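Q: First the structure, then my questions, so here it is.
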Amino acid sequence: MKHPKWLGISVLLLLLTAAASAHSASREVVIRGGTVLTVTQGTIPNGAILIRDGKIVEVGRSVRASPDALVIDATGKFVTPGLIDAHNHIALDGDVNETTSPVTPHMMMEDAFHYDDKNIYYTLAGGVTTSLLLHGSANMIGGQSIVIKHKFGKSREEMLFPGAPRSIKFAAGENPKRLYGGRRQMPASRMGNFAVLRQALTEAQDYLRQWEEYEKKVAEGKKPTPPKKDLKLEALADLLRGKLLVHIHCYRADEFLTEMRIAREFGYKIRAFHHALEGYKVADEIIKEGIGIATHADWWGYKVEAWDAVPQNATFCRRRGAHVAIISDSGDYSRRLNQEAAKAIKYGGATEDEALRMITLDAAWIIGVDDRVGSLEPGKDADIVIWDKHPLSIYARAEKVLIDGEIYFD
């Protein structure tokens, strides 16, 4: 047992540490001297950013900071928003598919989140500050995703992106039909894929109707017996209520059209098609529905449905009006997400502004957090990267990475 004297000193030190941390968290930070790539307000040479309480307060050629602000000299450097990976599976302990059923919307990726996975740090060192971690593509309807900020070293809960919308992963095509067809169960074909999807959504409609009827009777002052709670159907009911963003693993143009038809049939919105290598074939139809595209810079040919790809896909779809993100789908590629975006310039004809937007603001829109991150604007989270060279150069390295105004990589 500690002596009361030492116990008192320990408590005092803890209080002083907490006070210092609180001061540090609320202290103003100024980044000065760098070329600021704002994404939405153009490029500011020799610009400055003022951060207070983890938020961006001012961005311009000069800012009004207090005398005791912490100043970060970015002279000769490039400053961007934190990069955003709209499709990854890192930190899920390699356990991203629940393969016991083709419909598992009640699986929660948060329950598999391995918060001290070293890939969170490696990706942070590549300038990525936010990632969408998805269920795998084994199921027609998979589990619910999580959005994280790469605050490596913080607790599990502190890494979760506060207020990020809930989302769910669907999959179509070869993956589910190959898995379940190999077990001689439905779905073993593309027809089976969509039959399973429709059946699950029909059951969800019935479940939702039962609960609506029950709530109506309660409102009338009656005392009905409530329907039995079902976690799977409850998740699908939330989907039909519009409480979940729907992300769909899908490659082929004909399957985009089918997925959109089913969404209209059951009254929900698709947020984005992921992979989407044939997006260029039906871009106008996708854009008409307000659906984004989360695609690769140059992955193709690794299975039959990934064969008919073109390197101009991302740029073409974006210029037609879609929100387009370049994704990693890989703990390795996510460390070089800036280089993945640069491929859209070299091989796809994108401008530098278009390529940068594909790994910042457009990616943030697909996740549903574009009001918080993805550009350097007053009011947004101070998730910022300082690069030694232009971020779309193959030689560029992230020198400092700030999340909510605090340095997490240096």
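Throughout, read-outs are computed from the coordinates displayed, never taken from laboratory work. Given the structure is predicted, the values throughout are model-derived calculations rather than measurements. Neighbour counts run over all protein chains shown; Cβ positions are idealised from the backbone, glycine included.
Q: Can you tell me what percent of all Cα-Cα pairs in the range 178-221 are more than 15 Å apart?
A: Details: 554 of 946 pairs.
Of the Cα pairs, 59 percent sit more than 15 Å apart.
Q: Return the equivalent ellipsoid semi-axes of the range 148-242 as a descending list in whole Å, where each equals the square root of 5 times an eigenvalue of the C-alpha gyration tensor.
A: Listed largest to smallest, the semi-axes of the range 148-242 are 31, 28, 10 Å.
Q: Another question, then. Quick check on packing: order 379-390, 154-165, 233-244 by the mean number of other C-beta atoms within 10 Å, highest mean leading.
A: On the way: 379-390: 21.6, 154-165: 14.9, 233-244: 19.2.
Sorting 379-390, 154-165, 233-244 by mean packing, highest first, produces 379-390, 233-244, 154-165.
Q: Turning to a different aspect of this structure: Given a cut-off of 14 Å, what percent of all Cα-Cα pairs of the range 214-276 lie beyond it? The partial results should precede the final answer.
A: Details: 1324 of 1953 pairs.
Cα-Cα pairs in the range 214-276 separated by more than 14 Å: 68 percent.
Q: Report, in deg cm²/dmol and to the nearest 500, the calculated mean residue ellipticity at 222 nm for the chain, where each DSSP H run with n ≥ 4 adds -39500 (n - 2.57) and the sum is divided by the residue count. Before the final figure, lay out the partial values.
A: Working: 12 runs with 135 residues, N = 410.
Taken over the chain, the calculation gives -10000 deg cm²/dmol.
Q: Same structure again: Jot down the radius of gyration and Dmax of the chain, Cα atoms only, both in angstrom.
A: Computed over the Cα atoms of the chain, radius of gyration and Dmax are 23.4, 75 Å.
Q: Which one, Gln312, Tyr333, Ala297, projects farthest toward the positive side of the charge dipole computed for the range 264-410 from Cβ point charges (K/R +1, D/E -1)?
A: Among Gln312, Tyr333, Ala297, the one farthest towards the positive end of the dipole of the range 264-410 is Gln312.
Q: Pulled fully out, how much extra length does the chain show between Glu406 and Tyr121, if you take 0.36 nm times their separation in residues and subtract their Cα-Cα distance? Mind dumping the intermediate values first?
A: On the way: separation 285, 0.36 × 285 = 102.60 nm, distance 1.50 nm.
Length gained between Glu406 and Tyr121: 101.1 nm.
Q: Using a Gaussian network model of the chain whose springs link C-alpha atoms within less than 10 Å, name the residue from Val29, Val218, Val57 with the highest mean-square fluctuation.
A: Val218
Q: FRET efficiency for His106 and Val304, Cβ-Cβ distance as r, R0 = 22 Å, nearest 0.05? All intermediate terms of the calculation are to be shown ahead of the outcome.
A: Details: r = 31 Å, r/R0 = 1.43.
So, using R0 = 22 Å, E works out to roughly 0.10.
Q: Follow-up. Roughly how big is the range 256-332's charge dipole about its Cα centre, with Cβ charges of +1 (Lys, Arg) and -1 (Asp, Glu), in debye to the nearest 20?
A: Values: 10 positive and 11 negative charges, 73 e Å.
About 360 debye.
Q: I've got another one for you. Mind checking the dipole of the range 236-385: about its Cα centre, +1 per Lys or Arg Cβ, -1 per Asp or Glu Cβ, Debye to the nearest 20? Please list the in-between numbers first.
A: Numbers: 20 positive and 24 negative charges, 27 e Å.
Roughly 140 debye for the range 236-385.
Q: Give the residue list of chymotrypsin sites (Phe, Trp or Tyr not before Pro) in the range 148-218 that are DSSP loop and have at most 16 other beta-carbon atoms within 10 angstrom.
A: On the way: sites: Phe152, Phe170, Tyr180, Phe194, Tyr207, Trp211, Tyr214; in loops: Phe152.
For chymotrypsin sites (Phe, Trp or Tyr not before Pro) across the range 148-218 that sit outside H, G, I, E and B with at most 16 neighbouring Cβ atoms in 10 Å, the list is empty.
Q: I've got another one for you. Please go through the residue pairs Lys177/Lys229; Lys216/Lys243; Lys177/Lys269; Lys169/Lys281; Lys177/Lys232; Lys154/Lys400 and name each one whose alpha carbons sit more than 27 Å apart in this structure. Present the calculation step by step, with values, prior to reporting the outcome.
A: Details: Lys177/Lys229 30 Å; Lys216/Lys243 21 Å; Lys177/Lys269 24 Å; Lys169/Lys281 23 Å; Lys177/Lys232 21 Å; Lys154/Lys400 18 Å.
Result: Lys177/Lys229 exceed 27 Å.
Q: Let me ask something else. With helices defined as uninterrupted DSSP H runs, which ones in the chain have an alpha carbon span along their own long axis of at least 24 Å and mean Kyte-Doolittle hydropathy of at least 0.5? Don't skip to the end; give the middle numbers.
A: Values: long enough: 4-26 (33 Å, 1.16); 190-219 (44 Å, -0.86).
Sorted by number, the helices that extend far enough and score high enough are 4-26.
Q: Now, a different point. How much length, in nm to one decimal, is gained on full extension between Asp353 and Lys288, taken as 0.36 nm per residue of separation minus their Cα-Cα distance?
A: Values: separation 65, 0.36 × 65 = 23.40 nm, distance 2.39 nm.
Contour length minus the Cα-Cα distance gives 21.0 nm.
Q: Right, here's the next one. Using just the C-alpha positions of the range 27-129 as equal point scatterers, what log10 of I(q)/I(0) does the Debye formula give at each q in 0.21, 0.24 1/Å?
A: The Cα Debye sum returns log10 ratios of -1.05, -1.23.
Q: Have a look at Ile326, Ile248, Ile31 and tell me which one the Gaussian network model of the chain (Cα, springs below 10 Å) gives the largest fluctuation.
A: Between Ile326, Ile248, Ile31, it is Ile31 that shows the largest mean-square fluctuation.
Q: With springs only between Cα atoms under 10 Å, which of Ala86, Ala322, Ala219 fluctuates most in a Gaussian network model of the chain?
A: Of the options given, Ala219 has the highest mean-square fluctuation.
Q: Further question: Magnitude of the Cβ-charge dipole of the chain, K/R +1 and D/E -1, about the Cα centre, nearest 20 debye?
A: On the way: 53 positive and 53 negative charges, 81 e Å.
Magnitude of the dipole: close to 380 debye.
Q: To continue, here is another question. Calculate how many DSSP beta bridges within the chain are antiparallel, expressed in % of all such bridges and rounded to the nearest 5. Write out the running numbers ahead of the final one.
A: On the way: 31 of 60 bridges.
In the chain, approximately 50 percent of DSSP beta bridges are antiparallel ones.
Q: Another question about this same structure. Report the percentage of all Cα-Cα pairs in the range 341-410 whose separation exceeds 21 Å, rounded to a whole percent. It would help to have the intermediate numbers written out before the result.
A: Working: 736 of 2415 pairs.
Roughly 30 percent, once rounded to a whole number.
Q: Straight distance only, please: which aspartates and glutamates reach the Cα of Lys55 with their own Cα at less than 15 Å, same-chain residues fewer than 8 apart left out?
A: Glu28, Asp370, Asp371, Glu377, Asp381, Asp383, Asp404, Glu406
Q: Projecting each Cα onto the charge dipole of the chain (Lys/Arg +1, Asp/Glu -1 at the beta carbon, about the Cα centre), which of Ile407, Tyr180, Gly42 comes out farthest on the positive side?
A: Value: Tyr180.
Q: Also, I was wondering about something else. Give the separation of the Cα centroids, the range 243-262 to the range 96-138, in Å.
A: So the two Cα centres are separated by 21 Å.
Q: Right, something else. Any idea which of Asn88, Pro165, Met107 is furthest toward the positive side of the dipole for the chain, if Lys and Arg beta-carbons carry +1 and Asp and Glu beta-carbons -1?
A: Of the options given, the answer is Met107.
Q: Can I ask one more? Please report the antiparallel percentage of the DSSP beta bridges confined to the range 24-98, to the nearest 5. If you can, show how the numbers build up before the last one.
A: Details: 12 of 18 bridges.
Around 65 percent of the beta bridges assigned by DSSP in the range 24-98 are antiparallel ones.
Q: Could you check the simple spin-label distance between Lys346 and Val218, using points 7 Å along Cα→Cβ, in nm with one decimal?
A: My value for the distance between the label points is 5.9 nm.
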